[in-house]
Structure formats: structure tokens, C-alpha cells
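Heads up, the thing below is written out as C-alpha cells.
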Amino acid sequence: MLSVGILGGTGPQGRGLARRLASAGHPTILGSRSVERASETAAAIGVDGVTGGTNDEAAAADLVIVTVPYEGHADLLTSLAGQLAGKIVVDCVNPLGFDAQGPYALVVADGSAAQEAQRILPDSTVIAAFHHLSAVRLEDPDVHEFDEDVLVLGEDRDAVGTVIELAAAALPGGRGVFAGRLRNAHQVEALTANLIAVNRRYKTHAGLRLTELP
């Protein structure tokens, strides 16, 4: 069973993914700049298999998920590039801004956060995934079914397959779906702004579901 490290794992998305991955049997390390905060967060999740540590310790896992805010994305990955070499790195960072009119997608010089990650981590296999999941639903222990899809993008089909399997295991009722190469990650990341707008307007936690798939 793959161990999973979550960089910036004490935030809502990291906590929610940790809950689901550990519940599916994957030992999960929440990484943070503060070991105390990471340990307290892991204990609060209350699921066996979730532990807290530094981002360096999280980077030592078999597979690593990046959930840090975009403003810290490049600096953190640069500092961990050596440790992440040879690993699958799943980037679910959404570069978004917020103003009086609501959420909007930021312009990223590399095209997307996932492409930025691949440039910084040339010796890692970067996969884009888990962008559109509601952190509220992920964290809620009373939610047992996820009738939604995880769009998975990447250049390496074997790595894409690994992440698709991980998504299916962590999200009962959910699916991982191949959605193209990393060059298509921008619109996937940007779509999160639309989902946030939908959820604010309708006071819900909507995700995505693709039709006509087997």
C-alpha cells in the first residue's frame, strides 16, 4: 500500500484528503512548517494512519500531494526538489484570486500550477488531480459516497493510472478520469473558480460528474 505525503497538509484540502486516503488504507503524513501544528491536526482528524510531520518528512512518502496555497507553491517545491526526485507528485493547487466580484483564475507564467511544478521538478512525474473536491465534504465523517469524478492529467500513463486508482479507493462511489496532458491543466485549475461561484450562489458543495462514461 502506497504511503502518501501531503505538503501543506494542515489546510482544509489536505486534511480532507488525508482522512479519505488513510481510511482507504494508505498511511498518510501531513506535512507542515510546524510539526506541532501537523501533529495536532493529525490527531484531530482521528483516523488511524494519519500522522503529522514536517514537509520534508511528508516528501519522503511513496507518493506526494501538493495542497499548499499557490503563493507558496514554487518556493516549497524548489526547496524539496531533491527529495521529490523519482516520485509521483500530484498537484491539486488552484491559482485563484478573489475580489469583490468573486473568485477568478490567476495567470501563471508556466501555464498552470501543474506545469510550474513539472518545470521545478524535472526528475519527478507531476500529475494534476483532485482540484474540484469539496474540502467540506472530504472532512465530513458522515459523508460516505462521492458521486463525482476526479479529472487526472499527466504525461505518464502509468502514473496517471496510479492516481486514478488512488482516487477510486479514497472516494467510494467516485472515479478518476484521464482528462489529457499537463498542457490542459490550466482550464482544470481555473474551473475551480466557477465551482466556487456555483457553490456560493446555491449554498452547496457541488463537484463534477462526467456523463456517458462506462
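Residues in segment 55-107 that are over 16 Å from ALA185 (Cα atoms) and hydroxyl-bearing (Ser, Thr, Tyr): THR78, SER79.
In summary, SER34 fulfils each of the numbered conditions (1) farther than 24 Å from SER124 by Cα; (2) of a type in the set (S, T, N, Q); (3) touching a Gly at 6+ places or on another chain (Cβ under 8 Å) with the single exception of condition (3). Checking the structure you have, find out if any residue of segment 186-205 is over 24 Å from ARG20 (Cβ atoms), in contact (Cβ under 8 Å) with a residue 12 or more places away in the chain and crowded, with 19+ Cβ neighbours inside 10 Å. Within segment 186-205, one or more residues are over 24 Å from ARG20 (Cβ atoms), in contact (Cβ under 8 Å) with a residue 12 or more places away in the chain and crowded, with 19+ Cβ neighbours inside 10 Å. If you go through segment 133-165 and keep only what is under 22 Å from ASN199 (Cα atoms) and among the acidic types (Asp, Glu), you end up with GLU139, ASP140, ASP142, GLU145, ASP147, GLU148, ASP149.
Against the numbered list (1) surrounded by 20 or more Cβ atoms within 10 Å (Cβ to Cβ); (2) of a type outside the set (Asp, Glu); (3) modelled with pLDDT under 95, THR67 comes up short only at (3).
Within segment 169-189, can one find any residue that is within 14 Å of the chain's Cα centre (by Cα), of a type outside the set (D, E, K, R) and under 14 Å from ASN94 (Cα atoms)? Yes, that holds for at least one residue. Within segment 159-185, the set of residues being without any contact (Cβ under 8 Å) to a residue 24 or more places away in the chain and under 25 Å from TYR70 (Cα atoms) comprises ILE164 only. Those strands (runs of 3 or more DSSP E) of segment 42-135 in which at least 1 residues are small (Gly, Ala, Ser), considering only elements entirely within it, cover 50-54, 96-99, 102-105, 125-128. Of the residues making up segment 8-41, those that are under 13 Å from the mean Cα position of the chain (by Cα), in a helix (DSSP H, G or I) and of a type in the set (Gly, Ala, Ser) are GLY14, GLY16, ALA18. Is it true that THR51 is of a type in the set (Val, Ile, Thr) and either touching a Lys or Arg at 6+ places or on another chain (Cβ under 8 Å) or closer than 18 Å to PRO141 by Cβ (or both)? Taking the combined requirement at face value, the residue does not satisfy it.
Name the single residue that is farthest from VAL136 (Cα to Cα) among those in segment 158-214 being in contact with a strand residue (DSSP E or B) (Cβ under 6 Å, 6 or more places away or on another chain) and in a loop (DSSP other than H, G, I, E, B). Selected residue: GLY180.
Give the residue that is farthest from LEU182 (Cα to Cα), with candidates limited to residues of segment 89-102 that are surrounded by fewer than 23 Cβ atoms within 10 Å (Cβ to Cβ) and among the aliphatic types (A, V, I, L, M).
ALA100
Here's the yes/no breakdown for (1) surrounded by 14 or more Cβ atoms within 10 Å (Cβ to Cβ); (2) under 12 Å from the mean Cα position of the chain (by Cα):
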site: ALA128; (1), (2): yes, yes
site: HIS131; (1), (2): yes, yes
site: GLU145; (1), (2): no, no
site: GLU148; (1), (2): yes, no
site: ARG157; (1), (2): no, no
site: ALA167; (1), (2): yes, yes
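Does ALA38 qualify as being modelled with pLDDT of 95 or more, out of contact with any helix residue (DSSP H, G or I) (no Cβ under 9 Å at 6 or more places or on another chain), over 22 Å from SER112 (Cβ atoms) and surrounded by 19 or more Cβ atoms within 10 Å (Cβ to Cβ)?
So ALA38 fails the test.
The values are calculated or read from the model by the stated rules, or taken from the named source; none is laboratory data. Since we're looking at a predicted model, the values are computed, not measured. All Cβ positions, glycine included, derive from the backbone under ideal geometry; neighbour counts span all protein chains shown.
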